[in-house]
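**Q** Handing you a structure now.
Coordinate-derived values only; no laboratory data. Since the model is a prediction, treat every value here as computed from it, not as a measurement. As a convention, Cβ positions derive from the backbone with ideal geometry for all residues, glycine included, and neighbour counts pool all protein chains shown.
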Amino acid sequence: MNQLSGKVAIVTGASSGIGYAAAHLFASEGAKVLVTARRQAELDALVDSIASAGGEALALAGDVRDEHLARALVELAVGRFGGLDIAFNNAGTTGEASPVADITSATWNTVFDTNVSSAFLGAKYQIPAMLKRGRGSIIFTSSFVGHSAGFPGLGAYAASKAALVGLMQVIAVEYGTRGIRANALLPGGTDTPMGRTVVNTPEMRAFVESLYALKRLAQPEEIARAALFLASDASSFTTGTCLMTDGGVSINRT
């Protein structure tokens with residue numbers, strides 16, 4: 001349908017999982033996509049796969065906690081593709097699971113730097129580029145954890161994902177009159193490499209799936225389609241929102 005024809009998008013955390021699926025989907029919908037993650041080989045394979053499907057993408061490997069990477073991604077988007085319209089700030093980590101009293105400062109700081117500071121740094125450079133276009137859509141990957149549910153052992157993760165919602169809301173009100181929309185995507189459990197580090201046994205998977213109204217985990221492509229909605233003009237009057245793509249885990253009691 002080419003919902004993103006003529007647009008330029010940045011996708012972070014693109015080497016696997018939701019970011020990988022979103023990069024592929026955005027490219028298939030006509031966007032020129034700039035992808036980043038730490039693993040160069042996986043990014044190169046993604047770019048090749050997108051090209052084989054008729055899309056256009058570039059990769060720039062790096063650590064999303066690095067401000068230099070945030071600036072360089074936008075500069076590359078502008079220099080090679082002419083501007084920036086969409087930013088899917090998706091990279092994140094769960095951190096080491098432990099009760100709040102046992103969370104180390106190192107773990108707390110790593111989770112917040114990866115999940116929150118990286119998103120702030122991304123937006124800091126993405127917003128000026130979007131202002132030059134007179135429009136833009138910024139999407140943050142938050143979570144139902146820390147929004148509608150608390151999970152034992154995930155204090156740092158929950159707090160960081162809740163912080164993203166606050167950042168998103170402020171961006172939405174600060175820049176809405178200048179054409180920039182900001183929203184948060186709140187996935188439920190998704191069958192990704194990062195998700196499998198938590199749901200790591202058949203028994204654990206069966207228990208986690210039982211928490212959902214749909215009684216299953218999401219596939220990355222399902223979350224990517226929700227990101228596409230927020231990225232596209234189909235959501236032109238949607239800003240400052242939390243889009244729950246959680247399979248009903250927030251409301252399920254069965």
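**Q** So which residues in the stretch 1-19 are closer than 22 Å to residue 235 by Cα and touching a helix residue (DSSP H, G or I) at 6+ places or on another chain (Cβ under 7 Å)? Walk me through how you get there before you give the answer.
**A** At the first step, the residues of the stretch 1-19 found to be closer than 22 Å to residue 235 by Cα are 1-12, 18-19.
Matches in the stretch 1-19: 3, 4, 8, 9, 10, 11, 12, 18.
**Q** What number of residues in the stretch 20-40 are within 13 Å of residue 61 (Cβ to Cβ) and buried (at least 18 other Cβ atoms within 10 Å of the Cβ)? It would help to see each step written out before you state the result.
**A** Looking only at the stretch 20-40, we keep the residues that are within 13 Å of residue 61 (Cβ to Cβ), and these are 34-40.
Then drop every residue that is not buried (at least 18 other Cβ atoms within 10 Å of the Cβ), which leaves 34-37.
Residues flagged as within 13 Å of residue 61 (Cβ to Cβ) and buried (at least 18 other Cβ atoms within 10 Å of the Cβ) within the stretch 20-40 amount to 4.
**Q** If you don't mind, another one. Taking the conditions exactly as written (closer than 21 Å to residue 15 by Cα and in contact (Cβ under 8 Å) with a residue 40 or more places away in the chain), does residue 225 satisfy them or not? Write out each step before concluding.
**A** Details: closer than 21 Å to residue 15 by Cα: yes; in contact (Cβ under 8 Å) with a residue 40 or more places away in the chain: yes.
Answer is yes for this residue.
**Q** Just name the residue that is surrounded by the fewest Cβ atoms within 10 Å (Cβ to Cβ) out of those in the stretch 90-117 that are among the polar types (S, T, N, Q) and touching a Gly at 6+ places or on another chain (Cβ under 8 Å).
**A** First pass over the stretch 90-117, keeping only residues among the polar types (S, T, N, Q): 90, 93-94, 98, 104-105, 107, 109-110, 114-115, 117.
Then keep just the ones that are touching a Gly at 6+ places or on another chain (Cβ under 8 Å); that gives 90, 98, 107, 110, 114-115.
Numbers: 90: 30, 98: 15, 107: 18, 110: 17, 114: 20, 115: 28.
Only one residue fits best here, namely 98.
**Q** Taking the residues in the stretch 50-65 that are part of a loop (DSSP other than H, G, I, E, B) and under 19 Å from the mean Cα position of the chain (by Cα) as candidates, determine which candidate is surrounded by the fewest Cβ atoms within 10 Å (Cβ to Cβ).
**A** First pass over the stretch 50-65, keeping only residues part of a loop (DSSP other than H, G, I, E, B): 53-55, 60-65.
Imposing the further condition that a residue be under 19 Å from the mean Cα position of the chain (by Cα) reduces the set to 60-65.
Numbers: 60: 17, 61: 16, 62: 17, 63: 14, 64: 26, 65: 16.
Applying the filter and picking the extreme gives 63.
**Q** Okay, next question. Here are 27, 41, 31: which of them is under 21 Å from residue 72 (Cβ atoms), out of contact with any Cys (no Cβ under 8 Å at 6 or more places or on another chain), free of Cβ contacts under 8 Å to residues at least 24 places away in the same chain and small (Gly, Ala, Ser)? Full working, then the answer.
**A** Values: 27 fails: free of Cβ contacts under 8 Å to residues at least 24 places away in the same chain; 31 fails: free of Cβ contacts under 8 Å to residues at least 24 places away in the same chain.
Answer to the selection: 41.
**Q** Are there any helices (runs of 4 or more DSSP H) wholly within the stretch 66-173 with 1 or more residues that are charged (D, E, K, R), and if so which?
**A** Values: elements: 67-81, 105-112, 118-133.
Here the list reads 67-81, 118-133.
**Q** Let me ask something else. Taking residue 227 as meeting all but one of (1) surrounded by fewer than 22 Cβ atoms within 10 Å (Cβ to Cβ); (2) in contact with a helix residue (DSSP H, G or I) (Cβ under 7 Å, 6 or more places away or on another chain), write down the number of the exception.
**A** The one condition residue 227 does not meet is (1).
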